[in-house]
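Encoded as structure tokens, the structure appears first; notes follow it.
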């Protein structure tokens, strides 16, 4: 009945909508923007198709026919860089092996791993010749072979970018034209050309149809392809709407008439509401367009905000075509680049939304709305059925601890076997018990912002965390077997050379204590949607004024008169971090990493050790949760069977009956039993039971 009603509603909508992700984002899994939109529009009865043209584009280029076109063009050149001559000499080999390599990376032919490792399949260029496979050990043959196969694709991409199209890369396309593109001139010039790679894009564009076509542009590396596709689609009569993260941040305000040759409308923030309003207007209904810009200007009418879409619909996407590449040994970055993760959101926006460097004025941060947990887990089960994959990437700005706890309890109540990861803030709420609960429910990794790793600057940022707090939270995650990645920042306004050195020392200590599995340094960028832009003087920066027409105008040039020379850290910070990621040179003084003389760190060498020693006890009024497994009773006590251990707890019958009742009441989904309620009902002397209680805590009795 529901399906018939939905079909009827789709028929009444009268418009066919195509959602397209232009080249190029990820190779391993669909970027979720169009999938979220598809779910929202289909729920409203709109007929929707969706295409990831990035994946289709890659498969066209990296095919026997695609390489043949590339080599034919190279043969017409009289001058080529030296590696290109070698590639050209091995043309026949490349054209023979490329489709086998693609099938291997798609997981369709794992038998090729041994040939790849033996060196009898891939033509070896500079990347493969310099590859170090020692990190994969003797048993990681599949991963090692995938790493070499990924390097092979990267070498072909190098060939294309150096000889055919300098804007081509494996995970972006012409990104250099869109990054901080204050002028449209570079894009306009490139749009007037047609290179070999463009011909593949144009051919794919010919197969797109729809009354309304939505082009999603999450990153600079999608913009050029979106504009080229949009121009062609408009000429064929489609109404072209462009939205996504790049549009919402970079194109918030613009003065560029040439843009409207490629698109009819831009939508800002969540695309569901604006796109539905556009569809209603295109059908001849009332004009309720909002958060929409056309050639006539910004349309911002009062509108009812639809509930945010917390999950994705993958119907229509060829999920088996995605590639499982390994292009980095950084464990957190591997999560991004590997695996077919289902994307999902626990809460829209950020529950903290106070960080001074963040785009807190924009809707994707400012508007906080939590997903209903029961419906969210229902959706997880539906997506598992649809995709066959049990892995989920929560794409929240920062997942709230209370919602994570509720999510974990519901997952355990349903006995749902999943793996998941996502962003968090290093809250003090993440103690040992909560982290053990999350791990039991399938959490495998967290990524969070330590940012400047300096207390003065963390307060200036209004991050809401302290370095000791970060250390204790990271330790709790690690003890639960959850991988931890830290986002790091340098070059924050007024940050001195000494403070950057001291921050580097704290990061070294975190790695030395085994609290971080990976991290990444970002250099501070001032954006016009951050609090710093609103009050630059309060943060000690001077804005550099610019004049003239603006296209993309999000990143703001600025001067930092009281800060250090941040350029001197650009190469050294990632170089030291690369060693620490591998557990190397963790005792080396941080100042010794620099070629020039630098001040020694003034940070105490025991900062992190002291933080770890300062751990509070369990919450007296916390909820008891039992995740420890089955409990059997006999005349002498109880035996507990967990996944990896077995323990016998000797006690009298009255105590055993009490404990059985407590553990049964503490199972996920059975209600709320507090520690205080349980201990008040204890039938004996509590001091005599404390050792048994400690054993139970080790076996899986949590207080959260």
Just how far, in whole angstrom, is segment 610-657 from segment 165-197 if you go by their alpha carbon centroids?
-> 61 Å
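Which peptide among 399-412, 115-128, 304-317 comes first, and what is the full order, when sorted by highest mean count of other Cβ atoms within 10 Å?
Numbers: 399-412: 20.9, 115-128: 16.4, 304-317: 18.2.
Packing proxy ranking, top to bottom: 399-412, 304-317, 115-128.
If you take every DSSP beta bridge whose two residues both sit in the chain, what share of them, in percent to the nearest 5, is antiparallel?
Counting only bridges with both partners in the chain, antiparallel ones make up about 40 percent.
Can you bin segment 25-168 into rounded, prolate or oblate? Criterion: square roots of the alpha carbon gyration tensor eigenvalues sorted a ≥ b ≥ c, rounded for a/c under 1.5, prolate for a/b above b/c, oblate for the rest. Present the calculation step by step, with values, prior to reporting the outcome.
Numbers: a/c = 2.43, a/b = 1.39, b/c = 1.75.
Note, shape of segment 25-168 comes out oblate.
Which whole-number value in Å³ per residue fits the convex hull of the alpha carbons of segment 498-552? Kindly include the intermediate steps, with their values, before the conclusion.
Working: hull volume 7.5 nm³, N = 55.
With only Cα atoms used, segment 498-552 gives 137 Å³ per residue.
Evaluate E = 1/(1 + (r/R0)^6) for residue 650 and residue 444, where r is the Cβ-Cβ distance and R0 equals 45 Å; express this FRET efficiency to the nearest 0.05.
Numbers: r = 36 Å, r/R0 = 0.81.
About 0.80, to the nearest 0.05.
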Taking a quarter of the surface of the convex hull around the Cα atoms of segment 354-479, what do you get in nm²?
-> 8.1 nm²
Note the angle between two axes, namely the Cα long axis of helix 2-13 and the longest principal axis of the Cα atoms of the chain, as a number of degrees from 0 to 90, rounded to the nearest 10.
-> 30 degrees
Report, to the nearest 10°, how far helix 653-665 tilts away from the longest principal axis of the Cα atoms in the chain, using its own Cα long axis and a range of 0 to 90°.
-> 20 degrees
Mean projected area (nm²) from the convex hull of Cα positions in segment 328-613 is 16.3 nm²
Round to the nearest 10 and give me the degree value, 0 to 90, for the angle of helix 141-163's Cα axis relative to the longest principal axis of the chain.
-> 30 degrees
Debye calc, one equal point scatterer per Cα of segment 624-703, no solvent, log10 I(q)/I(0) at q = 0.12, 0.25 1/Å comes to -0.29, -1.43
For the chain, what is the calculated [θ] at 222 nm in deg cm²/dmol (nearest 500), taking -39500 (n - 2.57) for each run of four or more DSSP H residues and dividing by its residue count?
-> -12500 deg cm²/dmol
For the pair residue 566 and residue 606, how long in nm is the line joining their label points, each one 7 Å along Cα→Cβ?
-> 3.5 nm
Could you list 353, 602, 463 in order of exposure, starting from the residue whose Cβ has the fewest other Cβ atoms within 10 Å?
-> 602, 353, 463
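Exposure proxy check: 350, 435 ranked by fewest other beta carbons within 10 Å?
Values: 350 22, 435 26.
Lowest to highest Cβ neighbour count: 350, 435.
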Convex hull (Cα only) mean projected area of the chain, reported in nm² to one decimal = 35.8 nm²
Provide the FRET efficiency to the nearest 0.05 for the residue 375-residue 642 pair, computing r from the beta carbons and using R0 = 30 Å.
-> 0.45
Say each of residue 80 and residue 103 gets a label point 7 Å from the Cα, pointing the same way as Cα to Cβ; how far apart are those two points in nm?
-> 2.7 nm
Can you give the extra length, in nm with one decimal, that the chain gains between residue 336 and residue 307 once fully stretched, where that is 0.36 nm per residue apart less the Cα-Cα distance?
-> 7.7 nm
Quick one: order 431, 553 by neighbouring beta-carbon count within 10 Å, fewest to most.
-> 553, 431
Ordering of 384-390, 373-379 by burial proxy (mean other Cβ atoms within 10 Å per residue, highest first) = 373-379, 384-390
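With the Cα gyration tensor of segment 555-704 giving a ≥ b ≥ c as the square roots of its eigenvalues, does the rule (a/c under 1.5 for rounded; else a/b larger than b/c for prolate; else oblate) give rounded, prolate or oblate? Before the final figure, lay out each step's value.
Values: a/c = 3.41, a/b = 2.89, b/c = 1.18.
Cα axes put segment 555-704 in the prolate bin.
No lab work stands behind these numbers, since they all come straight from the coordinates. Please read all numbers here as calculations on a predicted model, not as lab measurements. Quick reminder, even Gly has a Cβ in these numbers, built from the backbone with ideal geometry, and neighbours come from all protein chains shown.
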